[in-house]
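Data first, discussion second: the structure below is written as structure tokens.
Taken together, the values in this text are just the output of simple stated rules run on the coordinates, not laboratory data. Fair warning: this is a prediction, and the values are worked out from it, not measured in the lab. When we count neighbours, we look across all protein chains shown, and the Cβ atoms used for this are built from the backbone with ideal geometry, even at glycine.
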Amino acid sequence: MSTPGSDALAVPARDPAAKRAASIALIGNPNTGKTTLFNALTGLNQHVGNYPGVTVERKVGALKLDDKAVVDLIDLPGTYSLAARSPDEMIAVDVLLGQQQGSNKIDAILAIADASNPERNFYLISQLCELHLPVVVALNMMDVAETKGITIDATKLSEALGTPVIPVCANKGTGLPELRAALQKMLTQGKPPAGKLPVFPEPLQKEADGLHTDLHGAAGKIGRDVNRLEAFRILIDKGGYAETRLAGVLGADFTKTLDERRGRASKIPLPAEEVRVRYAWVKQVLGPSLHRPAQPPPTKSDTIDKIATHWFSGTLLFALLMLIVFQSIFTWSKPVMELISSGFDKLGEFVGNHMAEGALKSLLVDGAIAGVGGVMTFLPQICVLFFFIAIMEDCGYMSRAAFLMDRLLSRVGLSGKSFIPMLSSFACAVPGIMSTRTIENPRDRLTTILVAPLMSCSARLPVYMILIGTFIPERKYLGGVFTLQGLTLFGMYCVGLFVAVPVAWLLKKTLLKGETPPFLIELPSYKIPDWRTVLMRVYDRGKAFAVRAGTIILSVSIVVWALSYFPHPASIHENYERQRAAFVEKAKDPEAKEVKDAQDDLAKAEDGEYLRQSYFGRMGHSVEWAFKPLGWDWRISMGAIASFPAREVIVSTMRTIFNLGKGKGEETEDLGKAMKEATWDNSPAPLFNIPVALSIMVFFALCSQCAATLAIIRRETNSWRWPLFSFTYMTVLAYIGAWAAYAGAMALGLQKITQ
Amino acid sequence: MTTLDQLKPGQRATVLAVSGTGTAIYQRLLEMGVFEGAELSVVRFAPLGDPMEIRLQGYNLSLRKAEAKLVEVNEVHAG
């Protein structure tokens, strides 16, 4: 059933990058100013995507070398070595070897090194020099090196390496023209570094060659030809990712032969052999051009750290900073959020006023505009959070925060790097989950992503407020310092936090079990943040959120809208039209306030009737039995289910369900009154009491009713498996928690207490 | 036998050996410059006693005590 139209759609979109002349890979240690250099070289001309199947970001920019040549600059993840331990770390190696799906072949390497700490940086460069590709070294942070009394003779070093070494200050833009010229020259020549390469002992070379030949013979089985460099890594990195992915294909024999080869290759452990040879090479190449004072002068960074990581002032500063961040997410974004929200309301109103009544209008106004608007209001929060994260990361404080918090989080099997995402999730889980990108270990990152939505986000607040305000008595303790209402609210915030601890612990013990990742992190020198890098980061994250989460949210909103709109029988409308007509006839003055109010009531009742008759309403009735143990009737159950797009939706859904809305503006009070008056169907027994209110609140504290969060988990993990898992485990927890809250409160007799 | 985690802030030492062969931590420690013969000093411990901060090759590295236990160091000389 192939038609010309569908064929045209099947053709993959042409990658504009494919037309460019060449691809250059930018690689270096973390904290070397790699992102700053990338931004300085490419400007706003960048494209962010994902490599297929993994969570690594694929960032490509257009690098203008001179008036004619524009090449691709590919930003690879920061790394200390090419010894990959996870699929994410393997990406860099595969891209460099030209065997990564979704990436062009690399024509040259731009290696960035921190001049203030050259030895460790040149360890990686020694590996890059062996790739048979042209290499240009950008020696960054020469200014920081100077404050440490370190000088490097770039000309001499360039001679020893046999390839250009260009001193740059990426944040000030110095040395960039020279860097472009060197890249242009190396691309034209196409020659790998001419200097002496690290020399490995004969037995190690022989075994690497042997393994290379073996793997060449097994190319049919593997499905590709493994090159010599990958064979070398497989031999040295026992248990590394390059070995693991082949072991799956080649079986136990392969592992056995490999271990025998390792035994013959060296008397000392192979990684130690590699490190010995490479650091000897670094000393030989770098030594003559490097001058380092015997007694390094104390730097400003050391002075700052005496305060910033001190047990008392460090902790205080940390708490203060977090408070400022947390508070700013609320206060800074609030006016903009209100602006966006009212903008979407106005848009909805405008569209509503200019369209004929019917399904299409409802789809646009109630489905698309309300749904997308609801998500877009979170955009300011995301921008504010990432503004702070980018500053803290770029100036070097983020690794100190991880240093301070690691002990606390390592108790549940996480590391200090999970702290910021968890804290951010108290505002909104979406930016929190997005900020887990700073966690390199994939298992840690996934665990953090899965527990982050348990933190009580701002969308839960309206649910807590209405229920606490309506049903929890106003009792004062300690002379009014504490109130029962305030304590209940605090308790709700604790529920998520206390549940997250065992959940994280359990995940790390079972599903996401594995070697404990090392907490080896560099504490880089402090520096003034680069504003371009900070703003680019905010822009990147904001755009990613708006585009990707926005499209998924739009589709979910439409589905939910359709379920609560259809079948929309005409009989209901006719019935209410009759009632309205009869009412207007009876009324003496059709303009009187009571008449208008009554008309309003009728309209609300009509909406309620539609909802009851809709697929969602029917579902509510059919699932009522399942929620009975929680003390809920079909209306509460339906409200909870219908709030799948976002938790706060329950408030507006309940308003619709309980058929009210007398006059706008005092909705909270009105809803409270209506909930107090609500009774069970066919019974005068009140529907709500303290146990029911508690059960609803605990349910919302633990449940996963937030399509934006699920969409962002899908985006960040690149699979539907984890959002499904997250939804399932949180819903089960929420149900059990709500049941326990209801049963516990009933047993204590709390249903007898009224406000 | 003295291991890195037993040192006090301000103490200097030379690495004698690194254990834990075959693990990711072992290889990473080596690559970061913590190998036989490397000179390092302890800067401080985090407020809760763990992790610790050391200085080597002119840069500062943070590692957990459990990882520092893998690093055997020579007699300490104050400095």
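Here are the numbers for the structure shown:
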read-out: Residues whose placed amide H lies under 5 Å from that of A:Phe482, excluding near-sequence neighbours; value: A:Tyr477
read-out: The range A:726-737 - phi-based ³J(HN,Hα) in whole Hz, Karplus 6.51/-1.76/1.60, Gly and Pro as x; value: 4, 4, 5, 5, 5, 5, 4, 4, 4, 5, 4, x
read-out: In degrees, nearest ten, helix A:531-544 long axis to first principal axis of chain A (Cα); value: 50 degrees
read-out: Footprinting exposure proxy for A:Phe426, A:Phe700 (fewest neighbouring C-beta atoms within 10 Å first); value: A:Phe426, A:Phe700
read-out: FRET efficiency, A:Lys256 to A:Asp143 (Cβ-Cβ, R0 41 Å, nearest 0.05); value: 0.20
read-out: Neighbour-count ranking [beta-carbon atoms within 10 angstrom, fewest first] of A:Arg180, A:Arg541, A:Arg224; value: A:Arg224, A:Arg180, A:Arg541
read-out: Normalised alpha carbon radius of gyration of the range A:303-439 [divisor 2.2 N^0.38 Å]; value: 1.41
read-out: Spread of Cα-to-Cα distances over 10 Å intervals beginning at zero, given as percent, for the range B:1-61; value: 21, 56, 23, 0
read-out: Per-residue mean of C-beta atoms belonging to partner chains within 10 Å, peptide B:62-68; value: 5
read-out: Full-extension gain in nm, A:Asp540 to A:Lys191, via 0.36 nm per residue minus C-alpha separation; value: 122.1 nm
read-out: Calculated log₁₀ intensity ratio I(q)/I(0) where the Debye formula runs over C-alpha points of the range A:246-320, q = 0.12 Å⁻¹; value: -0.74
read-out: Whole-Hz ³J(HN,Hα) from phi, Karplus 6.51 cos²θ - 1.76 cosθ + 1.60, for the range A:97-110, glycine and proline x; value: 7, x, 10, 8, 4, x, 9, 6, 5, 8, 9, 7, 10, 9
read-out: Cα-projected label distance for A:His621 with A:Lys206, points at 7 Å along beta-carbon direction, nm; value: 8.4 nm
read-out: Net dipole in debye of chain B [+1 Lys, Arg Cβ; -1 Asp, Glu Cβ; about Cα centre; nearest 20]; value: 220 debye
read-out: Separation in nanometres of the label points that stand 7 Å from Cα toward Cβ, at A:Lys172 and A:Ile324; value: 2.7 nm
read-out: Placed amide H near A:Glu522: partners under 5 Å, 5+ positions off or other chain; value: B:Ser62
read-out: Using a Förster distance of 41 Å, the FRET efficiency for B:Thr14-A:Ser341 (Cβ separation, nearest 0.05); value: 0.05
read-out: Averaged over A:259-271, number of beta-carbon atoms from partner chains that fall within 10 Å; value: 2
read-out: Longest to shortest principal axis, alpha-carbon extents of the range A:398-440, angstrom; value: 25, 18, 15
read-out: Shape box of the range A:87-179 [Cα atoms, principal axes, largest first, Å]; value: 43, 26, 26
read-out: Sites A:His216 and A:Trp720 - FRET efficiency at Förster radius 41 Å, r taken between beta-carbons, to 0.05; value: 0.60
read-out: Rg to Rh quotient for the range A:685-755, alpha carbon positions, Kirkwood Rh; value: 1.18
read-out: A:Glu357 versus A:Leu484: modelled label distance in nm, points set 7 Å from Cα along the beta carbon direction; value: 4.7 nm
read-out: Degrees separating the helix A:176-189 axis from the principal Cα axis of chain A, which is the longest one; value: 60 degrees
read-out: Dipole in debye (nearest 20) - the protein assembly as shown, about Cα centre, beta carbon charges: Lys, Arg +1; Asp, Glu -1; value: 980 debye
read-out: Segment A:Thr510-A:Lys334, extension gain: residue separation times 0.36 nm, minus the distance between their alpha carbons; value: 59.3 nm
read-out: Amide H contacts under 5 Å for A:Cys428, placed H, 5+ residues apart; value: A:Ser458
read-out: Global size of the range A:275-355 as Cα Rg and Dmax, reported in angstrom; value: 27.7, 79
read-out: Hull shadow area, averaged, the range A:453-496 [alpha-carbon convex hull, nm²]; value: 3.2 nm²
read-out: Note, ³J(HN,Hα) from phi for the range A:201-208, Karplus 6.51, -1.76, 1.60, rounded to Hz, x at Gly and Pro; value: x, 3, x, 5, 4, 4, 5, 5
read-out: Between 0 and 90°, nearest 10: helix A:87-96 axis offset from chain A longest Cα axis; value: 50 degrees
read-out: Counting all C-alpha pairs of the protein assembly as shown, share separated by more than 36 Å (%); value: 55 percent
